[in-house]
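Structure first, then comments.
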Amino acid sequence: MWQIIVPILWFLPILSADNPYRFFTWNVTYGDIYPLGVRQQGILINGQFPGPDLYSVTNDNIIINVYNHLPEPFLLSWNGVQQRKNSFEDGVYGTTCPIPPGKNFTYILQMKDQIGSFYYFPSLSFHKAAGGFGGIRILSRPGIPVPFPEPDGDFTVLIGDWYKTDHRILKAVLDKGKMLKFPDGILINGRGNGASFTVEQGKSYRLRISNVGLHNSLNFRIQGHLMKLVEVEGKHTVQTTISSLDVHAGQSYSVLVTANQPPTQDYYIAVSTRFTTKVLTTTAILHYSNSRKPVSGPPPSGPTTDIQSSLNQARSIRTNLTASGPRPNPQGSYHYGQINVSRTIRVANLPGIVNGKQRYAVNGVSFVPADTPLKLADYYNIGGVFRVGSIPDYPPSGRGIRLDTSVMEADYRAFVEIVFENRESIVQSWHLDGYSFFVVGMDRGSWTPNSRKQYNLVDAISRSTTQVYPKSWTAIYIALDNVGMWNLRTEFWARQYLGQQFYLRVYTPVQSVRDEYPIPKNALLCGRARGRST
Ligand SMILES: *[C@@H]1O[C@H](CO)[C@@H](O)[C@H](O)[C@H]1NC(C)=O
Ligand SMILES: *[C@@H]1O[C@H](CO)[C@@H](O)[C@H](O)[C@H]1NC(C)=O
Ligand SMILES: *[C@@H]1O[C@H](CO)[C@@H](O)[C@H](O)[C@H]1NC(C)=O
Ligand SMILES: *[C@@H]1O[C@H](CO)[C@@H](O)[C@H](O)[C@H]1NC(C)=O
C-alpha cells in the first residue's frame, strides 16, 4: 500500500529527485498475537504481525513515517538495505536516536543500486522477540533483464525460531547475565502452524525466504517439490536445483518453485532447526487451488546435525556473472579477485563472564552502547563517547574480555579481507550493515594465510550476512566504498544484545556530500547531541 503524493521539500536536497518517491505511514503498537496458541503481546505494524511487506524498485526513495505507540523507545532497522552515504538512517542505536514513546520519525531511505529480498526488524531492547519485522523487496527497474521468467506469484516467507515468553522477560534474563533456554517453536509468517500458500497447478512462484528468528539456523523444504535457487541478498545466483535450503539467522534467499505435482492433495512446507540435538519442526501448506485432498503423509524430512552438507551447499552458491543486477551490465563486471587487499581483519567470537554476568565479545571486547549514537557523536565532534581503535584487528591471545564501546576505524575506499574465526562448537551468523561483501571462502578448522589458496576469486556470492560453521572460518572481501558508521554484528540476537558486535567507522578526512549526505533535517537528537542543530 503506497501513495504517491507531492514530495515534502526538506528531504529533496539529499535524495535523488529524479527517482520515484513512495510514502508510507506505519503505526507501531502492541497487540495480542497467538502464534503458538497462547496469547502474547506482539509488536504490530499497522495492526499486522508480521508487518507489511515494503515494496520498492531499484533507486526508489522510500519515505516511512513511523509512529511509535509503544510505551518505550523504538527503532526499525533495514537488514541488507545499504543506506548509501546515509548511515544516519540505519536505525540501530549506534547511528540513530530512538523514537521516543508517543513520537514519530520519518525514515528517508534510497534503494540505491540494489535489487533483491531483505527484511526490516526492530533493533532496540529485545523487541525482535515480539515481532515488528516484515519483508523488503526491491524489484528490478523496467527494462533491466531478470535472468528467469516472471513468476506467476511472489511470496514473502519469514521463518524464525520463537519464544512463548514475553520479550521483556527474555530481556530481563539477559540483563541478569543468564542465557535463554531453547526456543518453543518456529514460525512461518507469524504462525506456529497453518500458514498457507495457494498456487495454481502448472504455474511457477518465487518464494523470498528470510530467517527473521533470534538464533537458530533453519532448513526449508517442500514435500514433493524441488526448488531453484535464484537470488541471495540482492545477487542473482547461478541457478541450481535443490531439495532443501539452509537459511541461517538473518539471511535471505529467493527460490523458484513450480507447482508441477498432481493436485490429488496439498503439500507440506517444512522448516526445522539445524545443528540442534532437539529438533523443532513447523509446517505450512502449499495449497493447490484445485487440490482434492488436504496434506497427507509425513512432512518431508531434512538434514539436522550434519555440518558438511550445509557447508557444501554454501560453497555451491555462486554469482551468475552474466546476469544483470540493478543495472543492465553483468554482475561479474567488477573483478573483485584482481584487487589487492590492503588490510586483513580477523574477527573471533568469544563468550565470557564479566562482573559475574554472561557476556559475548569480539576480539576480546564486549560492546556496550554509549549514551549517544556514535554517528551523532562523530558528526558533532562530541568527545568521550567512543574511541577509535577500541577493538583490535586480531583476536588477542588470552581469553579475557573487557567492556567497551568498540569502534574500528577503516579507510574509505580500502579493499579489506575479514576472516571470521569461530572456535566455538555452535554456528555463527555475521551481518554487516551498509555493505554487501564477497564470501570468498569457508572451511572447517583454523584459518591460516595458506587458506587463501582455496578462495573463490571469480564468482563468489556477494551478500550482507554469512554463516561461520562450528570450529570453522569464513573469509570475506569488502570494498569500503560507503562512508559511515556501520554495525558489524552477530545475528544470534541474545549474543548481539550481550556484546557480540562493534561498529566499523568508514572514514575519510575530506568531507564532501559526494561521499556522505549531511545529517537529515528531521534527525532526532538524544544524549549529548541533544539541542544541537541539524
Ligand atoms: C495510524 O494511527 C492514526 C491515529 O493514531 C490513524 O489516524 C491512521 O489512520 C493510522 N494509520 C494507519 C496506516 O493505520
Ligand atoms: C512526524 O510527522 C510529521 C507529520 O507528518 C512530520 O512533519 C515530521 O517531520 C515527523 N517527525 C520526524 C522527526 O520525522
Ligand atoms: C545466467 O544469466 C544468464 C543471463 O540472464 C542466463 O541466460 C543464464 O541462464 C543464467 N545461468 C544460470 C546457470 O543461472
Ligand atoms: C597488486 O600487487 C602486486 C604485487 O605487489 C602488483 O604487482 C600489482 O600491480 C597490484 N595490482 C593492483 C591492481 O594494484
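Can you tell me which of (1) buried (at least 24 other Cβ atoms within 10 Å of the Cβ); (2) within 22 Å of the chain's Cα centre (by Cα) is the one Ile269 doesn't meet? The failed condition is (2). Per this entry, Tyr34 is counted among residues that are more than 16 Å from ligand 3 (Cβ to nearest atom) and free of Cβ contacts under 8 Å to residues at least 24 places away in the same chain. Checking each residue in the range 364-400 for being more than 23 Å from Leu124 (Cα to Cα) and surrounded by 21 or more Cβ atoms within 10 Å (Cβ to Cβ) picks out only Gly364. Is the range 210-230 home to any residue that is assigned to a loop (DSSP other than H, G, I, E, B) and in contact with a helix residue (DSSP H, G or I) (Cβ under 7 Å, 6 or more places away or on another chain)? Checked the range 210-230: at least one residue is assigned to a loop (DSSP other than H, G, I, E, B) and in contact with a helix residue (DSSP H, G or I) (Cβ under 7 Å, 6 or more places away or on another chain). Checking the structure you have, find out if any residue of the range 120-140 is surrounded by fewer than 17 Cβ atoms within 10 Å (Cβ to Cβ) and either closer than 24 Å to Tyr435 by Cα or not assigned by TED's automatic domain parsing to the domain that holds Tyr30 (or both). Checked the range 120-140: at least one residue is surrounded by fewer than 17 Cβ atoms within 10 Å (Cβ to Cβ) and either closer than 24 Å to Tyr435 by Cα or not assigned by TED's automatic domain parsing to the domain that holds Tyr30 (or both). The number of residues in the range 240-258 that are surrounded by fewer than 24 Cβ atoms within 10 Å (Cβ to Cβ) and of a type in the set (Gly, Ala, Ser) comes to 2.
Considering only residues in the range 141-180 that are in a helix (DSSP H, G or I) and of a type in the set (Val, Ile, Thr), the one that is surrounded by the most Cβ atoms within 10 Å (Cβ to Cβ) turns out to be Val173.
Let's see how each residue does on (1) surrounded by 15 or more Cβ atoms within 10 Å (Cβ to Cβ); (2) within 30 Å of Trp493 (Cβ to Cβ); (3) without any contact (Cβ under 8 Å) to a residue 24 or more places away in the chain; (4) within 16 Å of ligand 3 (Cβ to nearest atom):
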{"residue": "Pro326", "(1), (2), (3), (4)": "yes, yes, no, yes"}
{"residue": "Ile339", "(1), (2), (3), (4)": "no, no, no, no"}
{"residue": "Arg346", "(1), (2), (3), (4)": "yes, yes, no, no"}
{"residue": "Leu350", "(1), (2), (3), (4)": "yes, yes, no, no"}
{"residue": "Gly356", "(1), (2), (3), (4)": "no, yes, no, no"}
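For every residue, the table says whether it meets (1) among the charged types (D, E, K, R); (2) touching a residue at least 40 places away in the same chain (Cβ under 8 Å); (3) outside the structural domain of Thr448 (by TED's automatic domain parsing); (4) closer than 30 Å to Phe275 by Cα.
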{"residue": "Pro392", "(1), (2), (3), (4)": "no, no, no, no"}
{"residue": "Ala410", "(1), (2), (3), (4)": "no, yes, no, no"}
{"residue": "Ala414", "(1), (2), (3), (4)": "no, yes, no, no"}
{"residue": "Val419", "(1), (2), (3), (4)": "no, yes, no, yes"}
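Residues that are surrounded by fewer than 22 Cβ atoms within 10 Å (Cβ to Cβ) and acidic (Asp, Glu) were ranked within the range 42-91; the one that is farthest from Gly234 (Cα to Cα) is Glu72.
This table checks each residue for (1) within 16 Å of ligand 4 (Cβ to nearest atom); (2) touching a Pro at 6+ places or on another chain (Cβ under 9 Å); (3) outside any loop (DSSP other than H, G, I, E, B).
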position: Thr241; (1), (2), (3): no, no, yes
position: Asp246; (1), (2), (3): no, yes, yes
position: Ser254; (1), (2), (3): no, no, yes
position: Ala270; (1), (2), (3): no, yes, yes
position: Ser301; (1), (2), (3): no, no, no
position: Ala314; (1), (2), (3): no, no, yes
position: Pro326; (1), (2), (3): no, no, no
position: Ala348; (1), (2), (3): no, yes, yes
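Go through (1) crowded, with 17+ Cβ neighbours inside 10 Å; (2) part of a loop (DSSP other than H, G, I, E, B) one by one and return the number of the condition Arg292 breaks. (1) is the only condition that Arg292 fails.
The values are calculated or read from the model by the stated rules, or taken from the named source; none is laboratory data. Being a predicted model, the structure only gives us computed values, none of them experimental. We place every Cβ from the backbone using ideal geometry, glycine too, and count neighbours over all the protein chains shown.
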